[in-house]
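The values are calculated or read from the model by the stated rules, or taken from the named source; none is laboratory data. Everything numeric here is computed off the predicted structure, so don't read it as measured data. When we count neighbours, we look across all protein chains shown, and the Cβ atoms used for this are built from the backbone with ideal geometry, even at glycine. Keep in mind that these areas ignore ligands, DNA and RNA; they rest on the heavy atoms of the full protein, side chains included. Shrake-Rupley method; radii C 1.70, N 1.55, O 1.52, S 1.80 Å.
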Amino acid sequence: MRVAVIDSGFGMVNYADALSRVRPDTELVLARDPDNMPYGLLEPARISECVVAMAGAAARYGVDAIIVACNTGSMYALEAARARFEPAVPVVGVVPAIRPAGSTGRPFAVWATAAATVSDYQTSLIDAFADPALAHRIPCYGLAEAIDSGDPERVAVAIDAAAAATPADIESVVLGCTHYGLVREPIVAALQERTGREVAVFDSPEPVARQTLRRLGVEPGGPSELGAVVAVLESGRPGALPASLAAYPAGRLLLERCGRSAKTR
């Protein structure tokens, strides 16, 4: 099984990691879009163009499925990508885990980019799956960009600002941007300091990985040897993952895996 995982930046990392934990022998094509990031600053039509172009570049490597590991990309481009590639190649998007957070019936925060926070899409999810009075929408200014930079000081500043804007009565947080899972522990620590309690985290990498397997009719498990990273693409061009990804545990594992794959080719 060969799966493309695409995003504007580092958001793909936790989804590639989850897919490899659920089905280790999965081969990966990793695609990011440094020429056009961050997607939150683009018009919806341009986001759709970028995602479909990245998916097309990845599809040339004979992938069996494509994961759009970006909330903004999924919001604005999933329909176009599915129209272009399905049914031959299933396209799986991501959805912020608002439904399980809302099902607790307790106050929660949705941390997301500024654009996603005010989107009709996020509003519709909250209205459908939660009591809007219990859902606190927190724009995390600059956090995704700080994560892409690999600069821990920038990351800490952005997390602290978002935590300060989060009501102290929340009991859980939804990570509404695929980047944020890379700094899950610092987010939890900042919110614990803010609330004085342990805060539950709702995120979507493993559910998305399992949905991808279901779409392909593949069972979890399989051989334990990790599949190769077949290609790394940057805005459609052959490239490499940036060294700054080593700032994150999942990023270090992926860099090591890319290195092993390169040696075997």
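So for segment 98-202, what percent of the C-alpha to C-alpha distances run longer than 24 Å? Of the Cα pairs, 16 percent sit more than 24 Å apart. Test of understanding: in a Gaussian network model of the chain with alpha carbons linked when under 10 Å, which of Ala115, Ala130, Ala45 would top the mean-square fluctuation ranking? Of the options given, Ala45 has the highest mean-square fluctuation.
Each principal axis of the Cα cloud of segment 1-47 was taken in turn, and the coordinate range along them, longest first, works out to 37, 16, 16 Å.
Assuming charge only on the beta carbon of Lys and Arg (+1) and of Asp and Glu (-1), the dipole of the chain about its Cα centre is about 700 debye to the nearest 20. When Rg and the Kirkwood radius Rh are both evaluated on Cα atoms of segment 175-265, their ratio Rg/Rh stands at 1.04. When the helices of the chain are scored as -39500 (n - 2.57) per DSSP H run of n ≥ 4 and the total is divided over every residue, the value at 222 nm lands at -14000 deg cm²/dmol. For a label point 7 Å from the Cα of Arg99 along Cα→C-beta, name the residues of segment 197-233 whose backbone N is under 20 Å from it. From segment 197-233, the list is 201-218, 220. Taking every alpha-carbon pair within the chain, the share separated by more than 29 Å comes to 28 percent. Distances between placed amide hydrogens fall under 5 Å for Val110 paired with His136, Arg137, Ile138, Val174, all partners being 5 or more residues away or on another chain.
How big, in percent, is the set of alpha carbon pairs in segment 108-154 lying more than 12 Å apart? Tail fraction, whole percent: 64.
Could you sort Glu219, Glu206 by their accessible area in this structure, using a 1.4 Å probe and putting the largest first?
Output order, biggest surface exposure first: Glu219, Glu206.
Checking every one of the GluC sites (Glu not before Pro) in segment 191-265 against DSSP loop status and a limit of 12 other Cβ atoms within 10 Å picks out Glu198, Glu225.
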